[in-house]
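Structure first, then comments.
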Amino acid sequence: MQPHLLPLLSDLFGGGHLRDELRRGFASGKTKPIAYRKEQLARLAYMVQENRDAFHEAMTSDLGRGTLENDFMDFQPALGEITDAYNNVEKWSKPQKPAFNINWFAMNPEIRKEPKGTVLIISPFNFPMVLILGPLAGALAAGCTALIKPSEQAPATAAVYARLVPQYLDPDACRVVLGAVPETTKLLELQWDQILYTGSARVAKIVLAAAAKHLTPVVTELGGKNPVIVDPKMDLTLAARRIAWGKFSNSGQICVSPDYVIVTEEIKEKFIKELLAVYATFYPDGPRHSDSFSRMATKNHAARMQRLLAETKGKIVIGGETEVEERYVAPTIVKDVEWDDALMEDELFAPVMPIVVVKDVDEAIARVNSREHALALYIFSNDASYRKKVLDNTQSGTVVVNDVVIQYAAYDMPFGGVGGSGTGASTGRYGYEAFTHFRTTVVGKGWLDSIILKNRFPPYTDAKLKALGLMTSVRLPPKPKSLLAKGTKTNGWGTFLSRLGLSRLTTLLWYLLPVLAGYWVDHLPLIVQFYPGLQSFTDGHLDQFD
Ligand SMILES: NC(=O)C1=CN([C@@H]2O[C@H](COP(=O)(O)OP(=O)(O)OC[C@H]3O[C@@H](n4cnc5c(N)ncnc54)[C@H](O)[C@@H]3O)[C@@H](O)[C@H]2O)C=CC1
Ligand SMILES: CC1=C(/C=C/C(C)=C/C=C/C(C)=C/C=C/C=C(C)/C=C/C=C(C)/C=C/C=C(\C)C(=O)O)C(C)(C)CCC1
């Protein structure tokens, strides 16, 4: 274990319990005012901005990643998430009004946005900034207190958090724990009010099982084998350039990285030719010493790819070299890959692009549907009907047409998986909502018991049942023809009037006026003159109406 971890871990497990301290921070109520949340978010933004070099150096050390990818895909998107939360926290936190409903509007129905409490954020190694700071921004904006657990596989960036978070953020609101499996296992034994876990499906099952013991809700941001379907009529130069960028960025260690590419036989060789042309422009002196190509996070990941490349029955078109000690896996294109190939089993999470062949779009759809739902599906086509066919007949967390990977940064849209690729979303307002409880609030009004609601009280009578029926009656949709006895004619006028809602007119008239008037209680005494039934209730009680 690295020496800088020791104080943190001894603090957590030796006694001074970080989770309890965060709980106390939350219970104090200090994190709830919007001004406090904004202060923490602003401090977080400056923690990032003022330590740009430290973060960049750490990410390069962890991932062998150059400045452009560090900046464009991690550092700036992280700042973007924080500033988005800062700019919108008031708007997101405003109580929400439900749709108008005659039965409920008088009770001031409102959905309050309340922080869930003390939360745990567990992050992977591949984007050590945005995948921690994005969720943390959501948690702080929501008014929660948070413990963050960076990945042990990005230790340099994790160490930056351990140093900076205590300097910039209120320790009552945010703490860092460094560590690997044993430490995370301990954290998961504790009760949290929400967990946000980003990582592999294998570990997600462990996290969910631990959370289930406390009935803790978990947002899971997982991965998957993201397919790319290429329309034979597509501009293959554009498709090759964008797919290669998405596949080789961050050495393929992106959860929305295009995993494999589906083409038809007729375009296969032309597509590969375009890929080779792009390869030459991306890495004119070869990828090995290029500043524009990253490394695998660990030797284990590199060794796994070395094994898979040895096992594949596909033909390596370019790349294929691995240097485990240097965590290097060359950007690799493999053709003639069968569907049961070693490369087609699990998410690759590496710069290796298998190309598989189908006879047409229907087979492509069937192949995609035979696997777990992916986090991302990519369609390269300029034909609206081709796109629609794929969209309408598949499922995935996200879809991008004619591009890849960029959807993570798409503004004000949820980023998340479906089925095996995860549950919930983690960016922007959707990240905020993951840490927010939508608390239904209604205020019962005493005077409503003088009108229709008095009928709910025992002793129950038929008259009361009938009166309540006026309030609870619903209008069913027209009866489906398939449910009608054969030969039954529908009553055209009856259906027409019922669609207009005229059958409910009497209900409406029965209590619309007193309810409306009762809402503005100043006018209640006036109304009472016209509704003598109210007199007995209101006599002597008017002063209790709010
Ligand atoms: N949906 C999304 O936003 C993203 C998903 N991913 C997915 O993450 C995976 C790669 O990331 P990794 O860091 O390798 O994931 P991982 O699941 O191995 O590790 C993620 C976190 O879980 C912790 N962890 C690992 N084993 C554990 C255990 N047995 N018990 C408790 N905690 C444990 C680690 O310390 C780390 O903080 C890929 O599957 C990728 O698709 C990665 C980035 C983004
Ligand atoms: C500039 C003007 C115009 C046009 C502007 C346009 C079209 C701008 C388009 C911008 C786009 C598409 C930006 C995309 C950015 C993508 C980013 C930053 C991707 C980031 C990916 C990340 C962080 C991936 C993370 C992956 C993770 C976490 C994972 O999966 O593991 C006009 C409109 C033409 C005219 C005015 C000027």
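Read the figures in this text as sums done on the coordinates, not as results from a lab. Predicted model, so just to flag it, every value in this text is computed and none were measured. Neighbour counts are summed over all protein chains in view; Cβ atoms, including those assigned to glycine, are modelled from backbone coordinates with ideal geometry.
Counting only the Cα atoms, the stretch 92-206 fills a convex hull of 144 Å³ per residue. Cα-based values for the chain, radius of gyration first and Dmax second, are 29.7, 93 Å. Applying the Karplus relation 6.51 cos²θ - 1.76 cosθ + 1.60 with θ = phi - 60° to the stretch 332-341 yields 3J(HN,Hα) values of 10, 10, 10, 10, 6, 8, 7, 5, 9, 5 Hz, where x marks Gly and Pro.
Please sort by residue number the chymotrypsin sites (Phe, Trp or Tyr not before Pro) in the stretch 55-133 whose DSSP state is loop and whose Cβ has at most 16 other Cβ atoms within 10 Å.
Phe100, Trp104
Sites count as exposed loop sites when they are GluC sites (Glu not before Pro), lie in a DSSP loop, and have at most 12 other Cβ atoms within 10 angstrom; the longest stretch of the chain without one is 51-344. Applying 1/(1 + (r/R0)^6) with r as the Cβ-Cβ distance of Asn108 and Ser473 and R0 = 25 angstrom yields a FRET efficiency of 0.55.
Return the lysines within reach of Lys97: Cα separation strictly under 28 angstrom, same-chain partners fewer than 8 residues apart disregarded; answer none if there are no such residues. Answer for Lys97, where 28 Å is the Cα cut-off: Lys30, Lys32, Lys38, Lys113, Lys116, Lys445, Lys454, listed by chain and number.
How much length would be gained if the chain were fully extended between Lys273 and Glu363, taking 0.36 nm per residue of separation minus their Cα-Cα distance, in nm to one decimal?
Value of the extension gain: 30.0 nm.
All other residues whose Cβ lies under 12 angstrom from that of Leu309 are scored, Lys and Arg at +1 and Asp and Glu at -1, for a net of +1.
Scanning the chain for trypsin sites (Lys or Arg not before Pro) in DSSP loops with at most 10 neighbouring Cβ atoms within 10 Å leaves 1-212 as the longest stretch between them.
When a/c is below 1.5 the answer is rounded, else prolate if a/b is larger than b/c, else oblate, so apply that to the stretch 425-495 with a ≥ b ≥ c taken from the square roots of the Cα gyration tensor eigenvalues. Oblate, since a/c reaches 1.5 and b/c is not below a/b. Each Lys and Arg adds +1 at its Cβ and each Asp and Glu adds -1 at its Cβ; summed about the Cα centre, the chain shows a dipole of about 2240 debye. Here the stretch 139-285 yields Rg over Rh of 1.13, to two decimals, using C-alpha coordinates and the Kirkwood radius. Per-residue ellipticity at 222 nm computed for the chain from its helices equals -13000 deg cm²/dmol, with DSSP H segments shorter than 4 residues left out and the rest contributing -39,500 (n - 2.57). How many percent of all Cα-Cα pairs in the stretch 227-395 sit more than 24 Å apart? Summing the P(r) of the stretch 227-395 above 24 Å gives 31 percent of all pairs. Determine which residues of the stretch 316-359 fall in the zone a paramagnetic label at Ser292 would reach in this model, i.e. backbone nitrogen under 14 Å from the point 7 Å along Cα→Cβ. Answer for the stretch 316-359: 331.
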